[in-house]
1. Which helices (runs of 4 or more DSSP H) sit wholly inside region 1-116 and have at least 3 residues that are at pLDDT below 80?
2. With (1) in contact with a helix residue (DSSP H, G or I) (Cβ under 8 Å, 6 or more places away or on another chain); (2) open to solvent by 50 Å² or more (accessible area, probe 1.4 Å); (3) free of Cβ contacts under 8 Å to residues at least 24 places away in the same chain as the list, and M479 as the residue in question, which single condition is left unmet?
3. Looking only at region 253-272, filter to residues that are more than 21 Å from G509 (Cα to Cα) and among the β-branched types (V, I, T); which one of those is surrounded by the most Cβ atoms within 10 Å (Cβ to Cβ)?
4. Determine, yes or no, whether N413 is in contact with a Gly (Cβ under 9 Å, 6 or more places away or on another chain) and either open to solvent by 10 Å² or more (accessible area, probe 1.4 Å) or over 24 Å from K367 (Cβ atoms) (or both).
5. Does Q582 satisfy being modelled with pLDDT of 90 or more, open to solvent by 20 Å² or more (accessible area, probe 1.4 Å), of a type outside the set (V, I, T) and at positive phi?
6. Run down S306, S319, S326 and say which single residue is within 24 Å of P565 (Cα to Cα) and small (G, A, S).
7. Looking at region 435-465, which of the residues that are in a strand (DSSP E or B) and of a type outside the set (S, T, N, Q) is nearest to R409 (Cα to Cα)?
8. If W340 satisfies all but one of (1) open to solvent by 20 Å² or more (accessible area, probe 1.4 Å); (2) modelled with pLDDT of 95 or more, what's the number of the condition it fails?
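The values are calculated or read from the model by the stated rules, or taken from the named source; none is laboratory data. If you're wondering where the values come from, they're calculated on a predicted model, not measured in any experiment. Positions of Cβ are generated from backbone atoms using ideal geometry, with glycine treated the same way; all protein chains shown enter the neighbour counts. Just the protein is used for accessible areas: all its heavy atoms, side chains included, with ligands, DNA and RNA removed. Shrake-Rupley method; radii C 1.70, N 1.55, O 1.52, S 1.80 Å.
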Amino acid sequence: MAQSLAFSVLFSTILVFLVEWIARGSLTRTGAFLTSLSQPGLTTIAVLVLVLLSLDALLGRVHLAVLAVGPLLVIPAFFSRQKQLFLSDPLYPTDFLFGRQIMELMPVMVRDRPLTAVALVVGILLSVVAMVFVWRHSWRRLPRLSRRARLIRVVTCVPIIASFVVMMDYSHYSWVRDRLQVVPMMWDQKENYSHNGFLMAFAFNLPMAHVTAPKGFSVNAIDAIPSPSIPVTSATERRPDVIVLMSESFWDPTRLAGIKFSKDPMPTIRANQSGHVFSPEFGGMTANVEFEALTGFSNAFLPYGSIPYQQYVRKPVPSLATFFRSEGYAARSIHPFQSWFWNRSEVYKSFGFEEFRSEENLPPMEKRGIFASDDSLTKEIMRQADGMDRPFFFFAVTLQGHGPYEPNRYKRNTIGIEGNLPEADRATLATYTQGIKEADDSLKMLMDWAKKRDRETIIVLFGDHLPPLGTVYTSTGYMPQQVATRKASVEIMKQEHETPLVVWSSKTGPKKDIGTISPSLLPYQIVSLAGFKDPYYTGFLGRVQKKYAIVDRYQLVNRKDEPQPDWLLKDKAIDPLIRNYQYLQHDMIFGGQHGLQRFFPGHAWVTGAGF
């Protein structure tokens, strides 16, 4: 048994070494990964040992699992390396959902590296022949495992593997996983693969590959969805400029019970508030909120824990950018951080933005703490807007409000805080509140500028999610835990997930009484206020928003605040309107975009025109 275990450790080490060497293309980095105590190289080897021992028990022969597992690990690593050479990104499980795109890569590889392509084909053929020969030889020669040995392997290894699988849920913190140096970095997949290694990072992404067509989905089902009989027309006089600001972690701290502030940190927003956005996230995962707000699609229809920006946006997808471009607008995205974050540089191209101004090509910006200030970003938005010679749609993501909210981030906090709080929590809240005040000041500056312009300017501001304030929530009794719950009453869910929303026009002021809505319903508010009609954004989404306020994977909430908990589990009872919503989204992201011309004519025109 000891000898068998030693050989399993040796084979696992060799396999992990080969996989990482192939995937990374560097012996130096592979060696660093396997020997570093701050990376999970040794953890990967240990997990693979357990897998090999378990499979040996299943197959009934010592070390036969190496022959079964080896190719399944090495071949994806090879394709990951080839993908990085051509597309810069590593291989994701979801890439197999896009077989057509993968096949389109093959001619490029053959043209640019013909010898590699030939070697690949020959290598595959030889490998298949060799594997058949080796398997047959090994099956006859390798020692059989006794029933007792097989039982010991199963009883010992399977529970540990199961526990490790549970820990791989990156949406929840795991102290043990952290000690093993397995650190999910879903916001930056390149770093995720670099730190955790190909096998661990690939495993983190596996749950998101399971995307099946909704029950009843078909071309006929798309054809059966009624489309509003409204042409894509615009008001001839108006054509307002549109600025949408997704404000990082923006929330109303005065909601905390028992805390007194020396003055209101957000007077401008409070005076102009239209309602709230019900964020599907808490404390992070900004890209998921952004996905909903720009497309009008919902994360509720996607696997739990998935990140569309990282896993599913692989082709042109209808968005507000292509809608406004079809109306003659310029469409630009702005974010004062690096463009690789959340894969935004590629996603914004797929969404049809003409330009993405990021940290790499924006002018140097004043920092507040370590992040670009809201004040400097707002001034840059105004500067760019003043230089436009046609109507524009700007989508900007702020950064100053990002956590952690370390004490003394700002030299001076201008809002006093009183209440029964531990000093550490008071310092955290003071930093956060000062950031809210400065975000509010920036919005006021933008509104004052907009009022002086001849062209009507629509400004939409909303928070992407509640801030990660940690023990501030539990100290004040706002929440029983430091993070929001996923399932609760509508009242509690709103308390833990809604952020302020402003929908404002320089000519008519704020649009009031919108209520609490999902980010996916924001495009309806934006497009309709701008005076446009569209089959999807005002037509189909108009029907959805008239009936439902919140479309969340855990509950649907109608306009009377009546919830339908766990509605996704009640397939036969799903409202046909929501089912059609799901069909359209699946068609646009995963399907053949059969409904494109009827529901997204603007996107069809822009992409067809080759803009």
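1. Details: elements: 2-24, 27-35, 41-59, 65-87, 99-112.
Fully inside region 1-116 and qualifying: 2-24, 65-87, 99-112.
2. (2)
3. I259
4. Numbers: in contact with a Gly (Cβ under 9 Å, 6 or more places away or on another chain): no; either open to solvent by 10 Å² or more (accessible area, probe 1.4 Å) or over 24 Å from K367 (Cβ atoms) (or both): yes.
No; evaluated as a whole, the condition is false for this residue.
5. Values: modelled with pLDDT of 90 or more: yes; open to solvent by 20 Å² or more (accessible area, probe 1.4 Å): yes; of a type outside the set (V, I, T): yes; at positive phi: no.
No, not satisfied.
6. Working: S319 fails: within 24 Å of P565 (Cα to Cα); S326 fails: within 24 Å of P565 (Cα to Cα).
Of S306, S319, S326, the one residue that is within 24 Å of P565 (Cα to Cα) and small (G, A, S) is S306.
7. Within region 435-465, the first condition is being in a strand (DSSP E or B), and the residues that meet it are 457-463.
Of the ones still in play, those that are also of a type outside the set (S, T, N, Q) are 458-463.
Details: I458: 32, I459: 29, V460: 28, L461: 24, F462: 23, G463: 21 Å.
Residue satisfying both the conditions and the ranking: G463.
8. (2)
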